[in-house]
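The values are calculated or read from the model by the stated rules, or taken from the named source; none is laboratory data. Source: prediction; values computed, not measured. Positions of Cβ are generated from backbone atoms using ideal geometry, with glycine treated the same way; all protein chains shown enter the neighbour counts. Protein only, heavy atoms only, side chains kept; ligands, DNA and RNA dropped before computing areas. Shrake-Rupley method; radii C 1.70, N 1.55, O 1.52, S 1.80 Å.
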Amino acid sequence: VGMAKAMEVALSCRQETNDRIQEMASYLVDRICYSIPDAILNSDPEHLEHIVHFTFKDVDEKTLIDDLDKAGVVCSSGSACEASCGKPSHVISSIRTDVSGANLRVSFGRLNSLPEVKKAANAIIFAVTNKRFEKTNKKG
């Protein structure tokens, strides 16, 4: 009886939850692509709304992930099964031949909120911009 009720509640909230997740993903994509025009969006939030995947050229992947972790943003460079192998994702490699740069995967769930996504967007924009600035200043 308890399991049936839990399933009923979950199903009744499903569309609302999916809509909220899609809104958060769309916000992140719009904000990142506006603020970092050369960001490459590797995912399609219309079809897989709970995952957004970007590539940022001229940014070191490990330091980007580390900086975002320090800022309280939990994300990864790929799927759980690929993240620790040190090689570009086979999925991203099949989509694009140029996979250089930092890959960033952000996942959304029912417990996330729009204020958290706004914080994440700000942290990503700051970290990417900062890493590029540091790289440019080391050269010259």
Debye, to nearest 20: dipole size of the stretch 1-53, +1 on Lys, Arg Cβ, -1 on Asp, Glu Cβ: 260
Any chance you could look up the accessible area of LYS62 with a 1.4 Å probe, heavy atoms only, rounded to 10 Å²? 130
Can you list the HN-Hα couplings for the stretch 47-61, worked out from phi with the Karplus curve (6.51, -1.76, 1.60; θ = phi - 60°), rounded to whole Hz and with x for Gly and Pro? 9, 9, 5, 8, 9, 10, 10, 10, 10, 10, 5, 6, 9, 6, 4
Which pairs break 27 Å Cα to Cα here: LYS70/LYS118; LYS62/LYS138; LYS5/LYS119? LYS5/LYS119
Counting each pair of different Cα atoms once, what's the Kirkwood radius of the stretch 1-47 in Å, rounded to one decimal? 12.8
Amide H contacts under 5 Å for ASN42, restricted to residues at least 5 apart in sequence or on another chain and with H modeled in the peptide plane, are HIS53, PHE54, THR55
